[in-house]
1. Can you tell me which of Asn158, Asn120, Asn106 moves the most in a GNM of the chain? Springs connect C-alpha atoms under 10 Å apart.
2. Rank Tyr167, Tyr75, Tyr211 by mean-square fluctuation in a GNM of the chain with C-alpha springs under 10 angstrom and give only the top-ranked residue.
3. Going from most exposed to least, what order do Val92, Val79 have by accessible area with a 1.4 Å probe?
4. Roughly how many Å² is the accessible area per residue of segment 4-250, as a whole number, for a 1.4 Å probe?
5. Given the Cα-Cα distance of Ser225 and Glu34 and 0.36 nm per residue of separation, how much length would full extension add, in nm?
6. Just to be sure I follow the definition: excluding the sites themselves, where is the longest run in the chain that has none of the GluC sites (Glu not before Pro) in a DSSP loop with at most 12 other Cβ atoms within 10 Å?
7. Over 24 Å apart: what share of the alpha carbon pairs of segment 4-250 falls there, rounded to a whole percent?
8. What are the ³J(HN,Hα) couplings of segment 22-34, residue after residue, when phi is run through the Karplus curve with 6.51, -1.76, 1.60 and θ = phi - 60°? Round to Hz, x for glycine and proline.
Amino acid sequence: MRTKLIAGNWKMNNDLNESKVLIAKLAKSLKDLELNCEVVICPPYTSLSESATAIVGTKIKLGAQNLHQEESGAYTGEVSAKMLLSTGCEYVIIGHSERRTIFKENDELINKKIDRALKNNLKPIFCVGELLEERENNITEKVIESQVLGGLNGFSENELADLIIAYEPVWAIGTGKTATPEQAEDVHKFIRDLLEKRFSKEFAEKLLILYGGSVKPENSKELLSQKNIDGALVGGACLKAESFVGIIQSA
Ligand code: PGA
């Protein structure tokens, strides 16, 4: 049995004060709920340390949105895995489509970041997803296969015990367009089968595969009831406590 995970990617939103206010609201709403899932928030770097304090005693866990692939050194403006760990992070999003497109991150770099995260005991939430034109050209599976295998190149299944994958079709991110539950389930199943071939059945069955792309309380229940959808990576809808809690409740 895989325990579902709902993660909120705050992106470049919420200063320190806004972060504390949002966490306080979330914690209050979650307090009396019987949760069947893990809840993770990924605030911006500047709010991580205060967020770690604010979530003590709550059901919320902490993640970051990115990290640098090197352990330390002369990389002005970058943040290392060790620094994230020292703030209290347990998770880190890697290879988000905004990192791939705006910041030109490729599979090779993402592979190094996953390695760095794992070496520092951070759980990577490794994102993959096709562009609209790739879907329209019927190469979704080809694109997903090369992103998954490229990002995980060189790892053994033991090394990837803490890995989480997020399937986020790029055309569904921040656009209000969601993949239908069937479209999402098809790709999730494809990823699970691919990992069974690459590693083992046991590994593939344990792995959490989250869906992301315009997830909201109105569509989360149906998405999350698909056999191979083990949770959600939520952008826009996680910035309001009510809608994030709505998604959590549907899990
Ligand atoms: P969205 O973002 O929910 O706003 O579409 C999801 C993501 O980018 O992780």
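The values are calculated or read from the model by the stated rules, or taken from the named source; none is laboratory data. This structure is a prediction, so every number in the text was calculated from the model and none was measured. Methodologically, a virtual Cβ is constructed for each residue, glycine included, from the backbone with ideal geometry; neighbour enumeration extends over all protein chains shown. To get the accessible areas, we keep the full protein, side chains included, count just its heavy atoms, and leave off ligands, DNA and RNA. Shrake-Rupley method; radii C 1.70, N 1.55, O 1.52, S 1.80 Å.
1. Ranking Asn158, Asn120, Asn106 by mean-square fluctuation puts Asn158 first.
2. Taking springs between Cα atoms under 10 Å, the residue moving most is Tyr75.
3. The ordering from most to least exposed comes out as Val79, Val92.
4. Counting only protein heavy atoms, the per-residue value for segment 4-250 is 47 Å².
5. Difference between extended and current length: 67.0 nm.
6. In the chain, the maximal stretch lacking such sites is 72-251.
7. 42 percent
8. 5, 5, 4, 5, 4, 4, 5, 5, 7, 3, 9, 8, 7
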